[in-house]
Amino acid sequence: MSDMNVGIVGLGWVAGAHIETFKAVQGGNVTAICSRREHDEAALEAEFGTPLKAYTDYEAMIADPDIHIVDICTPHPFHADQAIAAAEAGKHLIIEKPICLTYEDAKRVRDAIRKAGVGVCVCFECRYSAHFTMIRSIIDEGLLGELHYSEVDYYHGIGPWYGQYGWNIKKDFAGSSLLTAGCHALDGLLFFMDGQVEEVTSYHTQSTGKDFVPYEYETTSVTILKFEGGNKIAKVASCVDCLQPYYFHIHLVGSEGSLLDNRIYSAKLKGMEKSRWSTLETSLIDSGDVSDHPYEPQFQAFIDSIGTGEPMPLTDFDTAFESHRVVFAADRSAAEGRPVKLSEFD
């Protein structure tokens, strides 16, 4: 298979991380960008170290037969329509999270992708991190036994000191605390906890701190999840109004042991001391900086999947769609003050 050419729409800091990542991906090259602003192609090449054709017209870029993959890095409200247009043009897709801001739009995107038969990668890249890979391996090796409870929480204060603050405060751009950021934690929880979510109950609140008052939506939510079968429950907190270091909290509790971030106790490992955690050395998910995110193995898996014609592992569209269903159910629960069954989102 010849190399796949990637056109990126949106030229913010996430796009910059994607461009840099593709330099190390075999079989894929970023060759074009689309932005509302005019860009000098020579200046782009000097900045990013690779030749880039510059478009201001998205329709023109997706009509270009030399573009095989469209990588959507625009603000959240534009994702759905841009993804649908690219799919209808026969382009494979990389979609930054969230896929969109409403369940109705998620279904429109899903239907367009199915009709077009294109490959899709959704940027829940934490599933490709060393930390998540290690945890999933521990679960698969049975060191925790059967999980019955877990907590995966996202703490990332997005204030004026953070690049996306200017648009992240707007409800019609960010959607909710879960959609704009905490969906990484919820998706991670679903990665660890095998089974289908049956019902969620969610509550939300907002800091009175001066840096967070401008937010047009509640910036902290906590969601309780009940899984089908009645023997598994879990909790996800999403907090973008905290004043503290970034923290991605993971606590898994099973019949044979527990895991806390990068520490473990397992009755399966003879001679361990239950009164003390044993540390597992790995690279933690401990930053919101996209330059630290594991895009390279994710994008490589996506390029490879296009070659085989199979859905990519871990972050294919259908898997990401299920995570979004749970997010939308949680946001409905918080808004309406009641438990919400996932069957409401069929």
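The values are calculated or read from the model by the stated rules, or taken from the named source; none is laboratory data. It should be emphasised that the depicted structure is a prediction, and the values quoted were computed from it without experimental measurement. A quick note on method: Cβ atoms are made from the backbone with ideal geometry, for glycine too, and the neighbour counts reach across all protein chains shown.
Things worth noting here:
- Looking at SER333, SER323, just one residue is of a type in the set (Ser, Thr, Tyr), farther than 20 Å from THR133 by Cα and in a helix (DSSP H, G or I), and that residue is SER333.
- For region 17-32, a residue qualifies if it is small (Gly, Ala, Ser) and at pLDDT 95 or above, and the qualifying residues are ALA24, GLY27, GLY28, ALA32.
- Residue match in region 49-69 (condition: among the acidic types (Asp, Glu) and within 27 Å of ALA181 (Cβ to Cβ)): no
- Matching helices (runs of 4 or more DSSP H) fully within region 1-90 where at least 2 residues are under 21 Å from the mean Cα position of the chain (by Cα): 13-22, 79-88
Listed here are the residues, each with its yes/no results for (1) free of Cβ contacts under 8 Å to residues at least 40 places away in the same chain; (2) farther than 19 Å from SER176 by Cβ; (3) surrounded by fewer than 20 Cβ atoms within 10 Å (Cβ to Cβ).
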| position | (1), (2), (3) |
| --- | --- |
| VAL197 | no, no, no |
| VAL200 | no, no, no |
| VAL236 | no, no, no |
| LEU243 | no, yes, yes |
| LYS274 | yes, yes, yes |
| LEU280 | no, yes, yes |
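- Cβ pairs under 9 Å, 6+ apart, first in region 24-40 and closer than 15 Å to THR74 by Cβ, second basic (Lys, Arg): ALA32/LYS53; ILE33/LYS53
- Search result, residues across region 203-233 that are farther than 19 Å from ASP331 by Cβ and among the aliphatic types (A, V, I, L, M): VAL213, ILE233
- Applying the condition of being modelled with pLDDT of 95 or more and not aliphatic (A, V, I, L, M) to region 1-15 and asking which residue is surrounded by the most Cβ atoms within 10 Å (Cβ to Cβ) yields GLY7.
- Condition check for ALA181: under 15 Å from the mean Cα position of the chain (by Cα), surrounded by 16 or more Cβ atoms within 10 Å (Cβ to Cβ) and within 22 Å of PHE248 (Cβ to Cβ): yes
- Put simply, of GLY163, GLY145 the only residue that is at pLDDT 95 or above and not hydroxyl-bearing (Ser, Thr, Tyr) is GLY145.
- Of the set (1) farther than 26 Å from GLY337 by Cα; (2) touching a Lys or Arg at 6+ places or on another chain (Cβ under 9 Å); (3) buried (at least 18 other Cβ atoms within 10 Å of the Cβ), all apply to SER258 but (2).
- Scanning region 107-164 for residues that are surrounded by fewer than 21 Cβ atoms within 10 Å (Cβ to Cβ), among the hydrophobic types (A, V, I, L, M, F, W, C) and out of contact with any Gly (no Cβ under 9 Å at 6 or more places or on another chain) returns ALA112, ALA130, MET134, TRP161.
- Residues within region 222-234 that are in a strand (DSSP E or B) and of a type in the set (Lys, Arg), tallied: 1
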